[in-house]
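**Student:** What follows is a structure written as structure tokens; I'll ask about it next.
The values are calculated or read from the model by the stated rules, or taken from the named source; none is laboratory data. Nothing here was measured: the structure is a model prediction, and the numbers come from that model. Cβ atoms come from the backbone with ideal geometry, glycine included; neighbour counts cover every protein chain shown.
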Amino acid sequence: MTDYRLPAAWLRLLAGLFALIGVLGLGACGGGSGAPNPTFNPISTLTVQPVAATVYSDVPAALTVAGGRPPYSVFSSDQSVLPTPSTATNGSVTVLPSLVSANTQVTVTARDADGNTASSAVTVKPAPLVNSLTLKADGGSGATANCPNPGGSASATDAAGQTFICAGQTGSVAVRLNNTVGGGLAGRQIRFDVVQGPFQFFTSGPGQPDTFALSYTVPTDQNGDAIARVRADASVNQQIVIVQATDLLSGTFVRGIFIVTNGDGLLIVPDKVNITGPDSQTCSFGVITSFFIFGGAPPYTISNTFPQFLSVAPGVVNSSGSGFNATTLGGCLDPGIVAITDSAGHTKTVSITNGLGDTPPASVTSNIPIVITPSTIPTLACGASFNVTATGGGTIKQTGNTTTTTPATTLFVSSGRTDILSVIPLPLPVPPATPGTSAPPGSPIQLTRLNSGTVTPVPPATAAAIVNVTLTVSDGNQVVTKNVPVRNQCP
């Protein structure tokens with residue numbers, strides 16, 4: 001019988017193993033429970049689009065980070081040329097390239113939460129629009145005695161541009177598109193747009209009836225100049241005009257700010273300011289107002305006619321569109337005048353009113369200090385007396401510029417040890433006062449070391465030792481104390 005026990009044990013072991021394998025296989029197949037197989041979504045590859053991009057100085061551009069596992073971190077190989085945000089919000093990255101003089105290669109790299117990276121090769125090109133818009137008025141057209149506009153020069157893009165044009169006058173705006181290797185870029189499409197103001201572009205061809213629009217596209221000529229004819233509305237008061245020129249290929253643009261005027265072309269914005277103080281008794285101090293100058297013939301000289309009430313800086317403004325600040329100095333003005341004169345002698349003024357506010361002023365109450373004199377009190381031997389005087393007390397209330405003083409009529413005096421130090425106002429009242437009573441400010445207060453009692457038990461202090469007892473004076477709102485030196489033990 002024993003010959004068959006070992007094979008039987010092995011058979012039982014194999015049977016158990018096969019049963020375990022069956023259970024595992026059944027569980028892996030989902031058998032028995034009807035549970036579906038788990039589904040796995042693979043993570044897509046991290047990318048930065050476009051993989052190769054061309055951008056231009058001062059023109060915003062967008063890159064897109066996709067795939068991988070958010071959040072994304074973004075890095076630029078040259079932050080001075082192509083600064084990037086540190087993270088990509090919703091996978092979008094907006095960049096604003098810096099000014100460059102030649103094509104510059106920059107790599108933008110994105111990294112996801114798993115450490116995977118992807119990059120985009122970005123070429124930063126110089127902005128081809130290298131100068132601001134210039135304005136030239138046609139000589140004589142629209143000019144009047146009140147608007148002596150002499151007209152423009154022969155070249156539309158030279159340095160002799162104007163800052164203003166008369167209402168009803170015609171002229172041109174222009175911009176130059178330069179090649180980075182030298183010379184102008186011919187045949188490029190430039191779109192001119194009136195962003196603000198009473199301007200219109202001529203859109204009709206030579207010999208055709210006049211037609212006008214607020215947007216007009218023209219090609220650059222052999223010199224790289226794009227020129228658009230303009231007309232200023234005839235029935236307008238002095239206004240600012242903003243014109244934008246956009247290179248349609250690169251997306252770069254420049255803007256020009258001009259004046260349409262019926263006068264000398266000098267415009268100050270704002271021309272009138274009203275300032276109020278913090279309360280109904282006070283005018284403002286330290287409030288700054290910025291004024292901007294347009295048109296005329298820069299530089300401009302700023303004249304402050306109220307220097308004791310206003311601080312004005314700078315005294316000279318060198319270019320149209322720049323300005324100056326006026327700061328109030330606390331004095332009320334109704335109004336103060338600042339004069340602006342251009343280099344041709346034209347003058348405009350701005351007015352600044354600095355008035356009282358509407359809110360009642362806040363009140364601040366402080367105590368009138370209580371003073372005990374003399375400052376030094378001699379040591380009081382047994383039975384000895386000494387007179388001091390307490391003055392002050394009461395309150396001072398400051399409401400705006402109004403001060404109200406309420407002096408104390410009574411001071412309360414007391415001793416810290418009535419068994420040691422008697423404190424009595426003089427003259428002695430009838431009947432005699434008890435220790436700790438009241439006295440009018442300025443009246444003498446008699447301090448007496450009584451002939452009995454010990455301040456500090458002996459030991460440690462000896463009978464002849466000098467110790468302090470507290471004198472207290474109060475007006476009901478404040479309390480002051482003073483040490484009175486006395487003999488420790490009497491008799």
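**Student:** For the stretch 380-396, state whether one or more residues are loosely packed, with under 13 Cβ neighbours inside 10 Å and under 29 Å from Ser363 (Cβ atoms).
**Tutor:** No; the residues of the stretch 380-396 include none that is loosely packed, with under 13 Cβ neighbours inside 10 Å and under 29 Å from Ser363 (Cβ atoms).
**Student:** How many residues are at pLDDT 90 or above, closer than 14 Å to Val350 by Cβ and among the polar types (S, T, N, Q) when one looks only at the stretch 302-326?
**Tutor:** 3
**Student:** Which one of these is modelled with pLDDT of 90 or more, surrounded by fewer than 17 Cβ atoms within 10 Å (Cβ to Cβ) and out of contact with any helix residue (DSSP H, G or I) (no Cβ under 8 Å at 6 or more places or on another chain): Pro219, Pro206?
**Tutor:** Pro219
**Student:** Here are some residues: Phe291, Phe258. Which one is in contact with a Leu (Cβ under 8 Å, 6 or more places away or on another chain), of a type in the set (Phe, Trp, Tyr) and part of a strand (DSSP E or B)? Steps first, answer last, please.
**Tutor:** Details: Phe291 fails: in contact with a Leu (Cβ under 8 Å, 6 or more places away or on another chain).
Going through Phe291, Phe258 in turn, the sole match is Phe258.
**Student:** Something else now. Looking at Asp114 and the list (1) modelled with pLDDT under 60; (2) more than 37 Å from the chain's Cα centre (by Cα), which single condition is not satisfied?
**Tutor:** Among (1) modelled with pLDDT under 60; (2) more than 37 Å from the chain's Cα centre (by Cα), the lone unmet condition for Asp114 is (1).
**Student:** Quick one: would you say Gly68 is over 30 Å from Ala127 (Cα atoms), at pLDDT below 50 and not in a strand (DSSP E or B)?
**Tutor:** When the stated conditions are applied, Gly68 does not pass them.
**Student:** Here's another thing I want to ask about it. Restricting to the stretch 254-295, and then to whatever is among the aromatic types (Phe, Trp, Tyr) and modelled with pLDDT under 85, can you tell me which residue is farthest from the chain's Cα centre (by Cα)?
**Tutor:** Phe258
**Student:** Thr405 - would you say it is outside the structural domain of Ser452 (by TED's automatic domain parsing), out of contact with any Lys or Arg (no Cβ under 7 Å at 6 or more places or on another chain), at pLDDT 90 or above and on the phi < 0 side of the Ramachandran plot? Steps first, answer last, please.
**Tutor:** Numbers: outside the structural domain of Ser452 (by TED's automatic domain parsing): no; out of contact with any Lys or Arg (no Cβ under 7 Å at 6 or more places or on another chain): yes; at pLDDT 90 or above: yes; on the phi < 0 side of the Ramachandran plot: yes.
Taking the combined requirement at face value, the residue does not satisfy it.
**Student:** Ala339 - would you say it is under 30 Å from Val317 (Cα atoms), in a strand (DSSP E or B) and small (Gly, Ala, Ser)? Show your work before the answer.
**Tutor:** Details: under 30 Å from Val317 (Cα atoms): yes; in a strand (DSSP E or B): yes; small (Gly, Ala, Ser): yes.
When the stated conditions are applied, Ala339 passes them.
**Student:** Quick one: would you say Pro97 is within 27 Å of Thr246 (Cβ to Cβ), in contact with a Leu (Cβ under 8 Å, 6 or more places away or on another chain), in contact (Cβ under 8 Å) with a residue 12 or more places away in the chain and exposed (fewer than 13 other Cβ atoms within 10 Å of the Cβ)? First the steps, then the outcome.
**Tutor:** Working: within 27 Å of Thr246 (Cβ to Cβ): yes; in contact with a Leu (Cβ under 8 Å, 6 or more places away or on another chain): yes; in contact (Cβ under 8 Å) with a residue 12 or more places away in the chain: yes; exposed (fewer than 13 other Cβ atoms within 10 Å of the Cβ): no.
The answer is no for Pro97.
**Student:** Looking only at residues in the stretch 67-94 that are closer than 15 Å to Leu46 by Cα and more than 29 Å from the chain's Cα centre (by Cα), which one is surrounded by the most Cβ atoms within 10 Å (Cβ to Cβ)?
**Tutor:** Tyr72
**Student:** When you go through Thr403, Thr409, Thr418, Thr359 one by one, which is the residue that is among the β-branched types (Val, Ile, Thr), outside any strand (DSSP E or B) and under 30 Å from Leu333 (Cβ atoms)?
**Tutor:** That would be Thr359, the only listed residue that is among the β-branched types (Val, Ile, Thr), outside any strand (DSSP E or B) and under 30 Å from Leu333 (Cβ atoms).
**Student:** OK, next. Just need a number here: residues in the stretch 436-491 that are among the aliphatic types (A, V, I, L, M), surrounded by 13 or more Cβ atoms within 10 Å (Cβ to Cβ) and over 13 Å from Val388 (Cα atoms). Steps first, please.
**Tutor:** First pass over the stretch 436-491, keeping only residues among the aliphatic types (A, V, I, L, M): 439, 445, 447, 450, 455, 458, 461, 463-467, 469, 471, 473, 479-480, 484, 486.
Now drop any that are not surrounded by 13 or more Cβ atoms within 10 Å (Cβ to Cβ), which leaves 439, 445, 447, 450, 455, 461, 465-467, 469, 471, 473, 480, 484, 486.
Pick out the ones that are also over 13 Å from Val388 (Cα atoms) and you get 450, 455, 461, 465-467, 469, 480, 486.
Of the residues in that region, 9 qualify.
**Student:** Taking Thr347 as the residue in question, decide whether it is under 30 Å from Ser311 (Cα atoms) and at pLDDT below 95.
**Tutor:** Details: under 30 Å from Ser311 (Cα atoms): yes; at pLDDT below 95: yes.
Answer is yes for this residue.
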